[in-house]
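The values are calculated or read from the model by the stated rules, or taken from the named source; none is laboratory data. These figures come from a predicted structure and were not determined experimentally. Heads up, the Cβs are rebuilt from the backbone with ideal geometry, glycines too, and the neighbour counts pull from every protein chain shown.
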Amino acid sequence: MAKSIKINGYKLKKLKNDAVLKVLNGVARQLRVKVYLVGGTVRDLFIKRNTAERIEWDFAVNKGAFKLGKILATHLNASYIILDKKNKTARLIYIKNKHYYQLDFTDFRARTLKEDLRRRDFSINTLCFDVQHLLDTKKSDDILVDYFKAVQDIKARRVRITRRQNFKDDPLRILRGFAFCAQFGFKWEPQTLTLIKKNAAALKTVSVERICEEMVKIFSTSFSCKQAILMDKYRILDIIFPEILSLRGVDQGLYHHLDIWGHSLESLAQLERLLRDLPRNIPAVYVQKIDAYLKQEVVNNRSRLWLLKLACLFHDLGKPKTRFVANDGKIHFYTHEKVGAQMIAHIGRRLKLSRKEINMLKMLVLYHLRAGQLVNRMPTEKAKFRFFRDTQDDAVSILLLTIADRWAMRGALSKKKSFVFIEKEIFNMIITFFKRKEKTQKVSRLLNGNDLQILLKIPPGPLVGKILNEIDEAQGLKGITTKDEAKELAWHVFKQNCTLLPA
């Protein structure tokens, strides 16, 4: 093993002492099969990163992977499924004392261990341990198998393919490589980049679910923009998002210094800069709240952050369809946010995102202009209240997108004093969001929809919603504080809007 980079002793000790691994080793000895722990778990012994709550191990078995997995599942009383009969891959799921284990077993896909490892995606994932040696040998530098100079590549922070055929075997490995670069701060080996250029078109054959999984990994990191720019250079993003073609080369007028797509990429860059610079603009306690907010799981380990970054790339998606040049030569994009919201919903459905994710994306695109319009003057408390009422839990994402969008505008007109954007007020609104959240958890509505239907003897419909909004606004702005005051306001609004009742 190379001496130039140290293995994480704590992680290695924890691995060697793992009870499940010891049971696996016992079963392997009984069956007289060779089992190798391969891939990410071994790689991560050399990379500083947070240990995942889930334990996900990949094992290469010289023969009998199915039998090994089945007997181990019996010993552990664990779930066992066959993933791929052709490639002889099985999975064991074991949960005990809040520990989640996912163990995958695969027979060698070549005659030897070395050739099996060569068929894996990149050199950094070819490191492995013979499980028996791992548990029986005390010295760590006697047990690591490194046929393809993986440790050297980790030290050089380099992603390198091990054989030319690997991208053809599975084109998704192209995106996986970008995910590794984003997650670990690695760079591509030049020859591997050349192969990416030759094989990128094959991504069209990969399922959208698998593509989406890797895109989530990329956009969930702090430096995804660097990878997005490189993916754009090789036109990989165009394959995943053909809508980008309509954004390229479209002039936006003198408020902008870039075309629509260039501005979209710059917005992503500015968002990441903004998130790094937050401590300069917001007290530490709210920086922590924003971080927790963006890490909130929306669905299936997918967070708000990745959706916000996707919205950065496509917040102006509706501009080409709404572009209008006035008689004075000025360029306008009236209602582009409404058109864009529908278009990004289409992208979400194509990627098979959840309904919740699609609705969030629509909200971010639909309201990305509103906060900016709000702070082109000092906003009133009523205006801010209505913004929070309409944007709900997506408010912070929208406010962050608003600042990133503004920072990405550096055209001549955007620098004039007449173009007002009170940035500080946006940061104040972010703080207000969290303060309001704490208060609303303690304060309940004075009246609900059922109360109004009984009080006013009206059916469910738009009028009920309108009255509730008026009451909520008055309550939020301290205009009313009791149920009697709420009822009085309800009657007042009802009399002014009874024409909204169905005939």
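Of all residues being over 34 Å from the mean Cα position of the chain (by Cα) and of a type in the set (Ser, Thr, Tyr) in segment 125-146, which is surrounded by the fewest Cβ atoms within 10 Å (Cβ to Cβ)? Just the residue, please.
It comes out as THR137.
Having 2 or more residues that are outside the structural domain of CYS225 (by TED's automatic domain parsing), surrounded by fewer than 17 Cβ atoms within 10 Å (Cβ to Cβ) and not acidic (Asp, Glu) is the bar; report the helices (runs of 4 or more DSSP H) wholly within segment 246-351 that clear it. Even if it seems obvious, please write down each step before you answer.
Details: elements: 260-281, 284-295, 304-314, 319-322, 336-350.
The helices (runs of 4 or more DSSP H) meeting that bar are 260-281, 284-295, 319-322, 336-350.
Counting only residues that are more than 24 Å from PHE186 (Cβ to Cβ) and of a type outside the set (D, E, K, R), how many does segment 37-72 have? Before the answer, list the steps.
Step one: of segment 37-72, the residues more than 24 Å from PHE186 (Cβ to Cβ) are 59, 61-72.
Subsequent filtering for residues that are of a type outside the set (D, E, K, R) retains 59, 61-62, 64-66, 68-69, 71-72.
Final tally of qualifying residues: 10.
With the requirement that a residue be under 29 Å from the mean Cα position of the chain (by Cα) and not charged (D, E, K, R), what does segment 80-96 give you?
ILE81, LEU83, THR89, ALA90, LEU92, ILE93, TYR94, ILE95
Take PRO379 and decide whether it is modelled with pLDDT of 80 or more and outside the structural domain of LYS330 (by TED's automatic domain parsing).
Values: modelled with pLDDT of 80 or more: yes; outside the structural domain of LYS330 (by TED's automatic domain parsing): no.
For PRO379, the condition - modelled with pLDDT of 80 or more and outside the structural domain of LYS330 (by TED's automatic domain parsing) - is not met.
Within segment 221-231, how many residues are surrounded by fewer than 20 Cβ atoms within 10 Å (Cβ to Cβ) and at pLDDT 95 or above?
Count: 3.
Checking the conditions here, which among GLU337, GLU381, GLU357 is touching a His at 6+ places or on another chain (Cβ under 9 Å) and of a type in the set (D, E, K, R)?
So the residue among GLU337, GLU381, GLU357 that is touching a His at 6+ places or on another chain (Cβ under 9 Å) and of a type in the set (D, E, K, R) is GLU337.
Looking only at segment 432-444, decide whether some residue is farther than 30 Å from ASP291 by Cα, at pLDDT below 85 and not hydroxyl-bearing (Ser, Thr, Tyr). Step through it out loud before you land on a result.
Going through segment 432-444, the residues farther than 30 Å from ASP291 by Cα turn out to be none.
Within segment 432-444 (the criterion being farther than 30 Å from ASP291 by Cα, at pLDDT below 85 and not hydroxyl-bearing (Ser, Thr, Tyr)), the answer is no, since none of the residues qualifies.
Please count how many residues of segment 174-185 are farther than 16 Å from ASP232 by Cα and either crowded, with 21+ Cβ neighbours inside 10 Å or in contact with a His (Cβ under 6 Å, 6 or more places away or on another chain) (or both).
The total comes to 1.
Can you tell me how many residues in segment 266-287 are touching a residue at least 24 places away in the same chain (Cβ under 8 Å) and either aromatic (Phe, Trp, Tyr) or out of contact with any helix residue (DSSP H, G or I) (no Cβ under 6 Å at 6 or more places or on another chain) (or both)?
The qualifying residues number 6.
Can you find a residue that is more than 28 Å from ARG370 (Cα to Cα) and touching a residue at least 24 places away in the same chain (Cβ under 8 Å) anywhere in segment 396-405?
Checked segment 396-405: no residue is more than 28 Å from ARG370 (Cα to Cα) and touching a residue at least 24 places away in the same chain (Cβ under 8 Å).
So GLY26 fits all but one of (1) under 17 Å from TYR147 (Cα atoms); (2) over 21 Å from the mean Cα position of the chain (by Cα); (3) not aromatic (Phe, Trp, Tyr); what number is the exception?
Here GLY26 meets the rest and fails (1).
List the residue pairs whose Cβ atoms are under 8 Å apart, where the first residue sits in segment 23-48 and is more than 26 Å from LYS6 (Cα to Cα), the second is surrounded by fewer than 19 Cβ atoms within 10 Å (Cβ to Cβ) and of a type in the set (Lys, Arg), and the two are 6 or more positions apart or on different chains.
ALA28/LYS34; LEU31/LYS67; VAL33/LYS63
Looking only at segment 288-301, filter to residues that are among the hydrophobic types (A, V, I, L, M, F, W, C) and touching a residue at least 12 places away in the same chain (Cβ under 8 Å); which one of those is nearest to ASP232 (Cα to Cα)?
Per the criteria, the residue is LEU294.
Looking at segment 290-318 only, could you name the residues that are of a type in the set (D, E, K, R) and touching a Ser or Thr at 6+ places or on another chain (Cβ under 9 Å)? Steps first, answer last, please.
Step one: filter segment 290-318 for residues of a type in the set (D, E, K, R), giving 291, 295, 297, 302, 304, 309, 316.
Matches in segment 290-318: LYS295, GLU297, ARG302, ARG304, LYS309, ASP316.
I'm checking my understanding of the structure. Among residues of segment 298-352 that are among the β-branched types (Val, Ile, Thr) and under 23 Å from the mean Cα position of the chain (by Cα), which one is nearest to HIS263 (Cα to Cα)? Spell out the reasoning first.
Going through segment 298-352, the residues among the β-branched types (Val, Ile, Thr) turn out to be 298-299, 322, 325, 331, 335, 339, 344, 347.
Checking the rest, the ones that are also under 23 Å from the mean Cα position of the chain (by Cα) come to 298-299, 344, 347.
Numbers: VAL298: 27, VAL299: 29, ILE344: 17, ILE347: 19 Å.
Looking at residues that are among the β-branched types (Val, Ile, Thr) and under 23 Å from the mean Cα position of the chain (by Cα), I get ILE344.
For every residue, the table says whether it meets (1) touching an Asp or Glu at 6+ places or on another chain (Cβ under 8 Å); (2) among the small types (Gly, Ala, Ser); (3) at pLDDT below 95.
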{"residue": "HIS133", "(1), (2), (3)": "yes, no, yes"}
{"residue": "THR137", "(1), (2), (3)": "no, no, yes"}
{"residue": "ARG160", "(1), (2), (3)": "yes, no, no"}
{"residue": "ARG173", "(1), (2), (3)": "yes, no, no"}
{"residue": "GLY177", "(1), (2), (3)": "yes, yes, no"}
{"residue": "TRP188", "(1), (2), (3)": "no, no, no"}
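Quick one: in segment 382-416, which of the residues that are outside any helix (DSSP H, G or I) and out of contact with any helix residue (DSSP H, G or I) (no Cβ under 6 Å at 6 or more places or on another chain) is surrounded by the most Cβ atoms within 10 Å (Cβ to Cβ)? Show your work before the answer.
Looking only at segment 382-416, we keep the residues that are outside any helix (DSSP H, G or I), and these are 408-412, 416.
Applying the additional criterion that residues be out of contact with any helix residue (DSSP H, G or I) (no Cβ under 6 Å at 6 or more places or on another chain) yields 409-412, 416.
Working: MET409: 21, ARG410: 14, GLY411: 16, ALA412: 11, LYS416: 11.
The qualifying residue surrounded by the most Cβ atoms within 10 Å (Cβ to Cβ) is MET409.
With the requirement that a residue be closer than 19 Å to PRO279 by Cβ and among the hydrophobic types (A, V, I, L, M, F, W, C), what does segment 419-440 give you?
The answer is ILE426, PHE427, MET429, ILE430, ILE431, PHE433, PHE434.
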